[in-house]
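Note sheet for the following structure.
The values are calculated or read from the model by the stated rules, or taken from the named source; none is laboratory data. Predicted, not measured: the structure shown is a model, and the values here were computed from it. Cβ placement follows ideal geometry from the backbone for every residue including glycine, while neighbour counts extend to all protein chains displayed. Surface accessibility is based on the protein's heavy atoms, side chains included, excluding ligands, DNA and RNA. Shrake-Rupley method; radii C 1.70, N 1.55, O 1.52, S 1.80 Å.
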Amino acid sequence: MANIMEPRFVNFDSVDAYNKLYGLPTRHPLVAVVDLKEATGLVNHIKIKYGLYALFLKNGAHCAIKYGRKLYDYQEGTVVSFSPGQLIEVDMPDEEMSPDVVGILFHPDLVYGTPLGEKISTYSFFDYSQVEALHLSDRERAIFLDCLHNIRQELEHPVDAHSASVLSANIQLLLEYMHRFYDRQFITRHKVNSEIVSRFERQLKEYYESGVRREGLPSVVEFADRANLSPGYFSDLVKRETGMTPKDLIMRHMVSVAKHRLNVSTEDVGIIAYDLGFQYPAHFSRMFKRATGMSPSDYRRSIEMN
């Protein structure tokens, strides 16, 4: 059970700030490989705002992570990831003085001007919530630890003109493995994921079946919330299952509904646009033409000519 005491708040805007809190040495100002078994100071109840990228593998410790309004158990053999700007709360039992947790933290400045800097935004797992943590197999865990070992070995080397490039390349290798492992996790959860997609498609269909004029367009965030998933994880899940993004599926469904209305009624295009949730008919017309190659009015005329 989570401790009810008010957690301490810290802002991890540098690697050194993290190391000082836990009593760990700083070998490089922009990156650290950490092992909390080596920590000489430990804060068990803490609220953190990250200014860093971070990955942590839990080996044996029990702790819970609060992300947003929800509390998640951080189970053995899982990796959680954080990116700059995220706010999380960590709660570990008071008796847990040497948690078996290892990981890496790196500052965005480390990767600027490197190939990793160009690609860092594509690692969408940094935006997943902690309920969507990566569960590693024994083999994957060994690879993860080997990557950390190689990065730590480089940190033992005196800083020189090659350090930033070598470190960022090794970190990118770790992130590529994370990407591969998440792909494996999506595949092994195909049955559950396909049910989530089916429910999303059903909810999308029901969205417009009530006949009620909508205030605003359906959003990916709304359907992700219904699935109790973060928007990033939900989007990746749907894309892997269908080959299309949730936004693409939403737009495709809206076009289908619009085509039906244009076929069976003489309603003004503006009325259809407002009923679909568009604030301005011109926005609806642009979306429709982008999807079909013709404006709603031209589409209606083509039907009448046939």
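Does R152 satisfy the criteria of being farther than 16 Å from Y53 by Cβ, open to solvent by 60 Å² or more (accessible area, probe 1.4 Å) and in a helix (DSSP H, G or I)? No, not satisfied.
Table: residues versus (1) modelled with pLDDT under 90; (2) of a type in the set (D, E, K, R); (3) out of contact with any helix residue (DSSP H, G or I) (no Cβ under 7 Å at 6 or more places or on another chain).
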site	(1), (2), (3)
H190	yes, no, yes
V197	no, no, no
Y208	yes, no, no
R214	yes, yes, no
V221	no, no, no
R226	no, yes, no
L237	no, no, no
T242	no, no, no
P246	no, no, no
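Filtering region 242-259 to residues that are surrounded by fewer than 17 Cβ atoms within 10 Å (Cβ to Cβ) and among the charged types (D, E, K, R) leaves K247, D248, R252. Scanning region 124-141 for residues that are of a type in the set (A, V, I, L, M) and open to solvent by less than 60 Å² (accessible area, probe 1.4 Å) yields A133, L134, L136. Checked against the criterion of being assigned to a loop (DSSP other than H, G, I, E, B) and either open to solvent by less than 60 Å² (accessible area, probe 1.4 Å) or aliphatic (A, V, I, L, M) (or both), the candidates L204, L262, L237, L229 yield just one match: L229.
Scanning for something modelled with pLDDT of 80 or more, touching a Lys or Arg at 6+ places or on another chain (Cβ under 9 Å), assigned to a strand (DSSP E or B) and open to solvent by 30 Å² or more (accessible area, probe 1.4 Å), does region 64-76 turn up at least one residue? Among the residues of region 64-76, not one is modelled with pLDDT of 80 or more, touching a Lys or Arg at 6+ places or on another chain (Cβ under 9 Å), assigned to a strand (DSSP E or B) and open to solvent by 30 Å² or more (accessible area, probe 1.4 Å), which makes the answer no. Quick one: which of V269, V238, V257, V264 is of a type in the set (A, V, I, L, M) and under 29 Å from the mean Cα position of the chain (by Cα)? Answer to the selection: V238. Screening the candidates D146, D138, D160 for the property of being modelled with pLDDT under 95 and under 27 Å from E118 (Cβ atoms) yields one hit, D160. Checking A273 against (1) surrounded by 12 or more Cβ atoms within 10 Å (Cβ to Cβ); (2) without any contact (Cβ under 8 Å) to a residue 12 or more places away in the chain, only one condition comes out false. Which one? That leaves (2) as the condition not met. So which residues in region 103-128 are in contact (Cβ under 8 Å) with a residue 40 or more places away in the chain and outside any helix (DSSP H, G or I)? Of everything in region 103-128, those that are in contact (Cβ under 8 Å) with a residue 40 or more places away in the chain and outside any helix (DSSP H, G or I) turn out to be G103, I104, L105, F106, H107, V111, T114, Y123, Y128.
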